[in-house]
Every structure is written in structure tokens, then in C-alpha cells.
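Reading through the C-alpha cells given below for one structure.
The values are calculated or read from the model by the stated rules, or taken from the named source; none is laboratory data. Quantities reported herein were computed from a predicted structural model and do not represent experimental measurements. Cβ placement follows ideal geometry from the backbone for every residue including glycine, while neighbour counts extend to all protein chains displayed. In case anyone asks, the SASA skips ligands and DNA or RNA and just uses the protein heavy atoms, side chains included. Shrake-Rupley method; radii C 1.70, N 1.55, O 1.52, S 1.80 Å.
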Amino acid sequence: TYKLIFTLYDAALFTESGATADEVLARNCSFRLEFHYLRSISKATIIESADHMLAKNLSAEALSRITAATEQLHATYRSVQTGDVSSLTYIANVGTTFTINGEQLITIPGEEFAQHYLQIWLGERPISLQLRDRLLGK
């Protein structure tokens with residue numbers, strides 16, 4: 001669960017059977033990061049938060065390498081309502097697929113985008129250390 005002043009969403013990490021936290025962090029396995037929204041959140045707020053966290057976690061060089069893919073992903077984002085579910089699914093050697101309420105909106109190919117974008121939740125300076133550690137079973 002990620003909280004600001006109030007709880008915004010619950011999050012869960014689903015992995016291949018037997019996958020370790022280290023394999024998830026290295027993107028050496030397939031996994032899905034799923035969000036269940038407890039409140040409505042505007043598209044603008046989601047994108048602003050993502051951009052802030054990417055700038056916090058990535059070097060200028062890494063950020064520039066995923067700018068085009070990030071813009072493509074963010075173009076598919078939409079405001080979410082209470083009860084909506086979104087997910088980012090990383091398939092090793094394929095890429096990252098974004099869905100809202102089961103509707104596949106985009107797949108960004110390759111490992112590099114996943115390695116960098118998922119820093120928002122799984123990085124050294126994630127949106128919440130407690131959330132990251134819970135997702136990884138630490």
C-alpha cells in the first residue's frame with residue numbers, strides 16, 4: 001500500500017514460481033506489478049508522480065534513453081477510479097505491458113525500459129521503501 005496522507009492503492013507483485021527478489025530486481029524473470037486503486041487519481045497526477053520518481057532514481061543519461069518509451073507509456077495512461085486495477089507486466093526477453101482493468105494498452109519492448117521505469121517501485125529510492133520491501137518479501 002502506498003500512502004501520502006491517505007491510502008491511494010494496494011500493490012502486489014506476482015512472479016514466476018520460485019523467482020527470488022534478486023531475480024526480479026535484475027529482471028531475470030517475468031513478473032507483474034499490480035495496483036488496486038482505493039481512490040480516484042487523475043492521469044496528470046499519475047504522470048507527475050512517475051516523472052518525479054524517475055528523475056529521483058535515474059541519471060540524466062538513463063532518463064534520456066527511456067524518454068521516448070516513457071512518453072509512449074504515459075500517453076496510454078488514463079485517470080483511474082476507485083476499484084480500477086492496473087498492471088505492469090514484464091516478460092523476460094519481450095518487454096513491459098501496461099493494462100488497466102484487463103485492457104492491454106501498450107507493450108514497450110526490451111529489458112532496459114523495465115530496468116529503469118520499474119525503479120519507481122523497486123529501485124534504490126522507490127516511492128516507498130516499505131512498499132518495495134513488502135513487494136519483494138523482505
For region 20-42, name all the residues that are open to solvent by less than 30 Å² (accessible area, probe 1.4 Å) and not in a strand (DSSP E or B). ALA21, VAL24, ARG27, CYS29, SER30
Among the residues of region 89-125, count how many are touching a Lys or Arg at 6+ places or on another chain (Cβ under 7 Å) and under 17 Å from ILE66 (Cβ atoms). 8
Mind checking which residues of region 43-57 are out of contact with any Lys or Arg (no Cβ under 9 Å at 6 or more places or on another chain), of a type in the set (S, T, N, Q) and either surrounded by 14 or more Cβ atoms within 10 Å (Cβ to Cβ) or at pLDDT 95 or above (or both)? SER49
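Return the residue satisfying two criteria in turn: it lies in region 35-51 and is more than 15 Å from the chain's Cα centre (by Cα) and of a type outside the set (Lys, Arg), and of such residues it is nearest to LEU8 (Cα to Cα). Before you say what the answer is, go through the steps one by one.
Step one: filter region 35-51 for residues more than 15 Å from the chain's Cα centre (by Cα), giving 38-42, 44.
Applying the additional criterion that residues be of a type outside the set (Lys, Arg) yields 38, 40-42, 44.
Numbers: LEU38: 5, SER40: 8, ILE41: 8, SER42: 12, ALA44: 15 Å.
Only one residue tops the list, namely LEU38.
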Is there any pair linking a residue in region 102-119 that is among the acidic types (Asp, Glu) to one that is at pLDDT 95 or above and crowded, with 16+ Cβ neighbours inside 10 Å, with Cβ under 7 Å and at least six apart or on different chains, and which? GLU112/ILE66
Note: among LEU54, LEU88, just one is over 17 Å from PHE14 (Cα atoms), under 14 Å from the mean Cα position of the chain (by Cα) and outside any loop (DSSP other than H, G, I, E, B), namely LEU54
Would you mention how many residues in region 69-85 are open to solvent by 40 Å² or more (accessible area, probe 1.4 Å) and assigned to a loop (DSSP other than H, G, I, E, B)? 5
